[in-house]
Amino acid sequence: MTARGARWGRIPDPVVDAVAVAVAVVDVLLSLEDASRVAQALAALACAALAVRRRFPLPVFLLTLPASLMLDIVFAPFAALFTLAERSRDRRPLIVCAIMFALASAVPWPLDDLSAHDRAWTLVYFFYTLATAASPVLLGQLVQARRDLARRLVEIEEAREHERLLHSQAVLARERAQLAREMHDVVSHQVSLIAVQAGALQVAATDPEFKAGARTIRSLSVDTLDELRHMVTLLRASGGRATELTPQPTLADLHKLVTTSGIRAELTGELPPEVNTTAQRTAYRTVQEALTNVRKHAPGASATVRLWRADDGDTFGITVTNTPPTRPSLPLPGSQQGLVGLRERAELLGGTFESGPTAVGGYEVNLRIPARTD
C-alpha cells in the first residue's frame, strides 16, 4: 500500500460518510428549483440513506432511484452504486442496478406523452447515462480487487515465512540428530574405551600413585560419558523450548499447535494415554500438515480436529475436516509430498491414512492407527 493509500485508509468511516452526505445535499440543492414536496422528501431520504450505505448498499441504492427519477441528481446514486460494487462479488446485480439508474435518469418526469423526437433523445440520454454509470461500478470493482490483492499478498508472505520457518526447523533438527549420532557413535565410544583401559590399568598397577592416577582417569571418563549421554538425549529431544515445531512433539503439544495455526480451528476428543512416542509424533505431524494445507489451499476456511478411539479399543485416530474456502485458493510454494509422507508414517505403524474432498466442498484427512504399535 502506498503512503497516499495509507493516509486515506486512516480516515474514519464516519468522517467519509459525513462528507458523502454533505456533497449529496449540495448536489440536491442545485436541483431543487420548482421541485415538489414529494421530490424534496425523496431527495432528503436519499441523502440521509448514504450514512448507512456500507451496511445496506443495495437498499440504499434503491432509495436513491425515486429521487433520480424526479430530480436531476447524480452524486447520491453514484455513491450508493460505488459502495454496492465495492462489496458485491456478483456482477449481474451491478449491471441491473446500472440500467435502473440510467432509466431513472433518462425517463422524463412527470411521465407525459412524448413525441417521437423526445423519445429518440430519451433513448440517446439513456445510453449516455448508462455509460456514465459504468464509472462507479468499475471503480468499486477496482477497489475490491485491490483490497483482495493486498490481502492475498499478505497471505502469500505469511505462508512463505511459515515455509521458511518449517525449513529452518527441519534443517536444525537434522543437524541436531547428526550431531547426536556422531557424539554417540564416536565420542562416547572413545570415552568408553578410555574408561575401560583406565579400569584395567587400575587393577594391574602396583604403584599406589599409578593406581590412584588410573582411578582418577576412570572416574573422569565415567563422568564424562554420563554427561555425553545426557547431551545426546537433549539433542535428540529438542534444541530449545518446546514449541509446535520441535522435532519430538507429543500429544501434549496438539492444543498449542491448533491455537497457533493461524486459522479458526477447534480441537475435540482425546486419545488413549498409552499411545507410544512414535504414534504421538505421527498424530502430531498429521494435524500439523492438515492445518498447514488448510491455511495454504483453503483461505478463510475453519477446521475441526477430532481425536477419537474405536469402540473396541483396538484402534485410535485423528480426523481433520475443514469447511470450503471463502476466497479462491492461491498457488503457494510447497513440496507436494506432505500427504505422501503422512501415508508412509501411518503404514510404518500398521495404520491407514486417507484424504479427500467432502460432500460440501471442504477437505478431510483421516488417520487410523492400531492401539498396539510396538
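The values are calculated or read from the model by the stated rules, or taken from the named source; none is laboratory data. This is a predicted model, so every value here is computed, not measured. Cβ placement follows ideal geometry from the backbone for every residue including glycine, while neighbour counts extend to all protein chains displayed.
Below, the figures for the structure above:
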{"item": "Of residues in segment 269-305 being over 13 Å from residue 251 (Cα atoms) and in a strand (DSSP E or B), the one nearest to the chain's Cα centre (by Cα)", "result": "302"}
{"item": "Out of 4, 54, sole residue that is surrounded by fewer than 19 Cβ atoms within 10 Å (Cβ to Cβ) and either assigned to a loop (DSSP other than H, G, I, E, B) or at pLDDT 90 or above (or both)", "result": "54"}
{"item": "Residues that are in contact with a Lys or Arg (Cβ under 7 Å, 6 or more places away or on another chain) and of a type in the set (A, V, I, L, M, F, W, C), drawn from segment 7-64", "result": "60"}
{"item": "Selection count where residues are of a type outside the set (Gly, Ala, Ser), more than 18 Å from residue 347 (Cβ to Cβ) and touching a Lys or Arg at 6+ places or on another chain (Cβ under 6 Å), scope segment 273-307", "result": "1"}
{"item": "Residue check, residue 65 farther than 19 Å from residue 134 by Cβ and modelled with pLDDT under 90", "result": "no"}
{"item": "Unmet requirement for residue 310, which otherwise passes all of (1) surrounded by 19 or more Cβ atoms within 10 Å (Cβ to Cβ); (2) over 16 Å from the mean Cα position of the chain (by Cα); (3) not β-branched (Val, Ile, Thr)", "result": "(1)"}
{"item": "Residue within segment 272-286 that is touching a residue at least 12 places away in the same chain (Cβ under 8 Å), over 24 Å from residue 161 (Cα atoms) and aromatic (Phe, Trp, Tyr) present", "result": "no"}
{"item": "Selection within segment 247-266 - buried (at least 17 other Cβ atoms within 10 Å of the Cβ) and outside any loop (DSSP other than H, G, I, E, B)", "result": "251, 253, 254, 257, 258, 265"}
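Okay, residues lined up against (1) over 30 Å from residue 78 (Cβ atoms); (2) touching a residue at least 40 places away in the same chain (Cβ under 8 Å):
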position: 130; (1), (2): no, no
position: 138; (1), (2): no, yes
position: 144; (1), (2): no, yes
position: 149; (1), (2): no, no
position: 155; (1), (2): yes, yes
